[in-house]
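All remarks here apply to the structure that follows.
The values are calculated or read from the model by the stated rules, or taken from the named source; none is laboratory data. Remember, it's a predicted structure, so these values are computed and weren't measured experimentally. Ideal geometry is used to build each Cβ from the backbone, glycine not excepted, and the neighbour counts take in all protein chains shown.
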Amino acid sequence: MKPIDVIQPSASSLNNQPARRLIVLVPETNADSATVARKVWELANALESRVQFLGLSRDAANESTLRRQLVTLSAMVRDENIQVDSKIESGMTWLSVVKAEFREGDMIVCFEEQRSGITRRPLSQLLETNLSVTVYVINGTFPRMEYSRPRWLTNLIAWGGSLGIIAAFFWLQIKLGASSGTLADALLYISLFIEAGSIWAWNILFE
């Protein structure tokens, strides 16, 4: 496996034929556009391929920033030998976007910092495992990408967890209330304090 500058193919084997397109997966996070453009241009020239910049916007508020970034990258990479297109998809996952866009002969370019899925696996690994495609990984061009859940999902998880704690302790307290004796009464009162503490600790995780 030979590196091309600092761009390294992450697939186990490479197709020696020129790729029909390089599909470059551009996240919403701002990048060092000059460095990204140079590395994509070098790879496109080496493989004699056209370039398709593909953006994924999960937040409408960030779509205009992503669109400007794609326009900038396209202008910097395009020359008399390299054709460049760009498009933005919304409300999907990278896996579904690439499945819809990929055609035989294409190669994928993504960035080392990109992660996907609940386990936050590197996007390159996820694509290779599920699509059996060749993926090039560009290093060190994006700041560290912190995963951020949509606010509605965060609230749903927080409320769901709190209700689950309440339900579990309610069941326990019914069992303790059905018993008689000093020990049962003491455990009942203790469970109330533990329940309140558990709810507080759970909600702290989502602040």
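Please work out if T134 is surrounded by 14 or more Cβ atoms within 10 Å (Cβ to Cβ) and either modelled with pLDDT under 80 or not hydroxyl-bearing (S, T, Y) (or both). Walk me through how you get there before you give the answer.
Working: surrounded by 14 or more Cβ atoms within 10 Å (Cβ to Cβ): yes; either modelled with pLDDT under 80 or not hydroxyl-bearing (S, T, Y) (or both): no.
Judged against the criteria, T134 is not a match.
A quick yes/no check of all residues on (1) of a type outside the set (D, E, K, R); (2) assigned by TED's automatic domain parsing to the domain that holds V24; (3) surrounded by fewer than 16 Cβ atoms within 10 Å (Cβ to Cβ):
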site	(1), (2), (3)
V51	yes, yes, no
R78	no, yes, no
N81	yes, yes, yes
K99	no, yes, yes
R121	no, yes, yes
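Take A44 and tell me if it is modelled with pLDDT of 85 or more, farther than 15 Å from L123 by Cβ and in a helix (DSSP H, G or I).
Against the criterion (modelled with pLDDT of 85 or more, farther than 15 Å from L123 by Cβ and in a helix (DSSP H, G or I)), A44 qualifies.
Please go through (1) surrounded by fewer than 17 Cβ atoms within 10 Å (Cβ to Cβ); (2) at pLDDT below 85 for R103 and return the number of the only condition it doesn't satisfy.
(2)
Restricted to segment 59-71, and to residues that are more than 21 Å from D106 (Cα to Cα) and surrounded by 17 or more Cβ atoms within 10 Å (Cβ to Cβ), which residue is modelled with the lowest pLDDT?
By that ranking, first place goes to L66.
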